[in-house]
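Notes follow once the structure below has been shown.
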Amino acid sequence: MSGANLFFLQLINGLNIGSIYALIALGYTMVYGIAKLINFAHGDIIMVGAYISLLCLNAGLPWYLACILSILVCSLFGIVMEKLAYKPLRKASRISLLITAIGVSYLLENSFQLIFSANPKPYPGFIDLPTLKIGAVSISANYYVTFIVSVALMIILNLFVQKTNMGKAMRAVSEDEGAARLMGINVDNTISLTFAIGSALAAIAGILYSNCYSPINPTMGSLPGIKAFIAAVLGGIGSIPGAVLGAFILGMIETMVKAYISSQLLDSIVFAILILMLALKPAGILGKSVKEKV
Amino acid sequence: MNKEFRKQLTIDLATVVIGYLVLGLLIRSGVINAYSKGILLMVCINVILTVSLNITSGFLGELALGHAGFMAIGAYVSALFTKSLNLIPLVEFPVAILLGGIAALIAGYIVSIPALRLRGDYLAIITLAAGEIIRNLLKNLDIVGGTKGYTGIPNYTSFTWAYLIAVICILASKSLIASRHGRAIISIREDEIAAEASGIDTNRYKIIGFVFSAFFAGVGGALYAHYLRFLQPGIFTLDKSIEILVMVVLGGMGSIRGSVISATILTVLPELLRGFSDYRMLVYSLVLILMMLAKHNDQLRALFDKALSSFRRKEAAHE
Amino acid sequence: MSNVLEVRDLGINFGGLRAVDGLNIDVAPRQLYGLIGPNGAGKTTVFNMLTGVYEPSDGTIRLNGELLNGKKPHEIARMGISRTFQNIRLFRNLSVKENVLISLDTQVDYGLFSGIFKLPKSFKQEKAMEEEALELLKVFELDGYADTLACNLPYGKQRELEIVRALGTHPKLLLLDEPAAGMNPQETQNLMDAIQRLREKFAISVLLIEHDMKLVMGICEKITVINYGTLLACGTPQEIQNDPQVIKAYLGE
């Protein structure tokens, strides 16, 4: 394969992994915006989504039902998680919230490990569409479907947040919770809704991810989770376009580093980028910097 | 104060010596067999790791998720030293421990530079990233075996060494906290802006907290390496950092006595309860969540206090 | 005698907003100085610039002739400006005494090594700090609360403790941000007396932000009024009370 074709292939890979990161990063960024919480357990929702859909598929349900069920269960998970673990701590210190989030993440991973065992399970891919050929490069259906679905969801989400009343309520709460409450916005419901949407997106990310990268295991969500978080930070946490931009940048960086520099040092490089970004421009590419009020 | 301090010191030293003599005798006489002795060594090592993490997470009030990384640096550096040189253990080992500690301290200092600009969530993420970078680099370092692991490390970690160093770590931490430096560190946790306004150079004290913590993590790692005699980057994952964090949280953030007790319990308990290992991380995750919820819920807290009051009785608000 | 504090053409921008503009303040030694103005006038922002929390966009701040621009808050604290906060900022989970010990840190110099190994120098200095802390607490009769956690103090006492803590850095200029907020008239009266006592006892200047006009007019020798971040009037309480501009700003047209 020629160098140009190889590069093109890497580009496709980058877009693929970038789209998955984007879906996860959106959840991170929305939850952070509204609850000022790094929801460490968010990555594990991917895993929950993957397993629920796997159960449904194995039970013989058609793929669309499996997807819908998985999305519903994950949304419910998100809401319950918020109500049980985070809501009681809304006034608590940041460190308490973070520790709780880590706890929830480990709880999910380990309870799934007990239920489904730590062994990887093959995931029956269900995206059955023809391979796309562009010149000498062929793109598998998994890849372009992932890309199209992600982009479509991002557009819908952005429209939702910008245009609908519920979306406006979400923005209002993330701007100033107290003021939003005074304006008659139901803050609790808005936060629940945010968790539900974030988790639904994570479920879809989980399903797409499993289609591309079978088999699946109970810790499958933690690394993409952290990577997506890095993407959200890169783009500016709290910003929806930022999360998408950050995710595609990170996806590209990862693929290119893997292809042209070193796949062994990949994680070091990605984490070093995170540290540099946080140290030099903590607000991210599209984020706003906020000063602490004295 | 002087008199009070001397009295306290006498009591502390007496406890330490008696503890050593009793445990030493039990080992000598064979009441504590080789297996139990291994657990005892791990108790000492985990006490060191927990107390040192408590300095950053409990007293300074910053969640540090890279403790396993600093531990790894101490472990690998000390092992590299003892494996390369062949001096008598009595000379070689303390130097190796010190080197391990210093190497981790330097790493801690480097991590603290970007960390100074950030607080809370972001700082936690930076320490997590630092821990992962350390582990990733170790995987690619062939002189210490890479992913295959580093074998043939001499068996130097005796009960005496582990006990002695755990005691040093506890005393040094208590002493730090009782000094003006310790007060400054705590003031950052309480209110960073007020601390600055009171003339506290918060950056300086954050660094002190970080490097102190990293140093003892490295020392703990050095002991661990010469107990296990085999190292692998896979030992020092985020899970390991979280495990130490669980010990800190259970013992009480900002309580050294609590750290010692919880490190002991959480090291011994899994060994006593067969089959517990399957549920260990599950239980740990519940510990994290419940402790945090209890901290902010009076009813839950009352319940917890009742359960824990037996060994927390004499505890002041902080040590 | 030269001024303790000299502020010249002070200004700061937040994004596009000019929060403070062209402000001059001169505080003489042992002067009680009031900074007043409607809500959002930029008073606390001025305090934040004086103490290094915000860096001014323009202008200079001098303490006894020394330039403070660009200095960090803790450096400024050590140079002699100390402050309290509008929303009390105590070290809540530490004892009353420890709150003061932390600002007394500026008065001792034993090192980390001495601290960890408890060398005689650390003992001597710790003892002196302890004594001074109790001495300072007596100013507000807080010595009886020395071992109480700061968060368990009644509200009024918390405000007083914050002042005591601010005295721990041995300031030349004390900034009080709404010290009487939330106090009843009797407590406010006590506070006024205390502020005057402090000035005599520690020979310091006091610059205070306050909405309680009785307090401001009662004890301040000089007052600056700001509105929308700019100077509205400056003078003695008498002059300020009769200034038509000030009356307009406070009472409207």
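Structure notes:
- Peptide B:286-298 - average C-beta neighbours from other chains (10 Å radius): 6
- For segment C:91-168, the Kirkwood hydrodynamic radius comes to 12.7 Å, computed from all pairs of different C-alpha atoms.
- Cα-centre dipole for the protein assembly as shown with unit charges at Cβ (Lys and Arg positive, Asp and Glu negative), debye to 20: 1500 debye
- Per-residue mean of C-beta atoms belonging to partner chains within 10 Å, peptide A:266-276: 5
- Counting lysine pairs in segment A:22-219 that sit 8 or more residues apart in sequence, or on different chains, and whose Cα atoms lie under 29 Å apart gives 11.
- Chain A, relative contact order in percent, only Cα pairs under 8 angstrom and at least six apart counted: 36 percent
- Evaluated at q = 0.09, 0.12, 0.16 Å⁻¹: base-10 log I(q)/I(0), Debye formula over Cα of chain A: -0.43, -0.77, -1.35
- For chain B, with +1 on Lys and Arg beta carbons and -1 on Asp and Glu, the positive-most of B:PHE81, B:ASN155, B:LEU228 along the dipole: B:ASN155
- Remark: accessible surface ordering of A:LYS91, C:LYS201, C:LYS172 (largest first) is A:LYS91, C:LYS201, C:LYS172, probe radius 1.4 Å.
- Where only alpha carbons of chain C are counted, the Rg and the Dmax (Å): 18.8, 68
- With contacts taken as Cα pairs under 8 Å at a separation of at least 6 residues, chain C carries a relative contact order of 28 percent.
- Quotient of Cα Rg and 2.2 N^0.38 Å for the protein assembly as shown, N being how many residues it contains: 1.04
- Rg followed by Dmax, in Å, when chain B is reduced to its Cα trace: 19.3, 59
- Inter-label distance, nm, simple model (7 Å from Cα along the C-beta direction), C:GLN86/B:ARG229: 6.7 nm
- The angle separating the long axis of helix A:63-81 from the principal Cα axis of greatest extent in chain A is about 30 degrees.
- A:TYR123 - accessible surface, heavy atoms, 1.4 Å probe, Å² rounded to 10: 10 Å²
- Computed on chain B, with alpha-carbon pairs under 8 angstrom and 6+ residues apart, the relative contact order is 31 percent.
- Taken residue by residue and averaged, Cβ atoms of other chains lying within 10 Å of the Cβ of C:91-97 number 4.
- Eligible lysines near B:LYS139 by straight Cα distance, threshold 21 Å, same-chain separation 8 or greater: A:LYS227, A:LYS258, B:LYS83, B:LYS148, B:LYS240
- For C:ARG18, the accessible area of its heavy atoms, probed at 1.4 Å with every protein chain present, is near 90 square angstrom.
- Positive minus negative residues near B:THR10 (Lys, Arg vs Asp, Glu; Cβ under 15 Å): +3
- Per-atom-type breakdown for chain A gives carbon and sulfur 67% of the accessible area (1.4 Å probe, protein chains only).
- Note on chain A: with a GNM built from Cα contacts shorter than 10 Å, the maximum mean-square fluctuation among A:GLU109, A:GLU254, A:GLU175 falls on A:GLU175.
- Computed E for C:ARG18/B:VAL17 - FRET, C-beta separation, R0 60 angstrom, nearest 0.05: 0.30
- Label point of A:PHE126 set 7 angstrom out along Cα-Cβ; within segment A:16-44, amide nitrogens under 20 Å from it belong to A:20.
- Accessible area per residue (1.4 Å probe, heavy atoms of protein chains only) ranks A:TRP63, B:TRP161 as A:TRP63, B:TRP161, with the largest value leading.
- When B and C come together, around 2800 square angstrom of accessible surface is lost from both chains combined, probe 1.4 Å.
- Loop GluC sites (Glu not before Pro), segment C:101-199 (other Cβ atoms within 10 Å of the site Cβ: 15 or fewer; DSSP): C:GLU141
- The angle between the Cα long axis of helix A:94-116 and the longest principal axis of the Cα atoms of chain A comes to about 40 degrees, rounded to the nearest 10.
- Beta bridges per DSSP with both ends in the protein assembly as shown, % antiparallel, nearest 5: 60 percent
- A:SER262 exposes around 20 Å² of accessible area when a 1.4 Å probe is run over every protein chain in place.
- Shape descriptor for segment B:180-251: Rg over Rh equals 1.12 (Cα atoms; Rh from the Kirkwood inverse mean 1/r).
- Sorting C:PHE113, A:PHE116, A:PHE195 on solvent-accessible area from highest to lowest, probe radius 1.4 Å, gives C:PHE113, A:PHE116, A:PHE195.
- Helix A:165-175 axis, angle to chain A major axis (alpha carbon atoms, nearest 10°): 70 degrees
The values are calculated or read from the model by the stated rules, or taken from the named source; none is laboratory data. As the structure is a prediction and not an experimental result, all values here were calculated from the model. Positions of Cβ are backbone-derived with ideal geometry, glycine not excepted, and every protein chain shown enters the neighbour counts. The accessibility values were calculated without ligands, DNA or RNA, using every heavy atom of the protein model including side chains. Shrake-Rupley method; radii C 1.70, N 1.55, O 1.52, S 1.80 Å.
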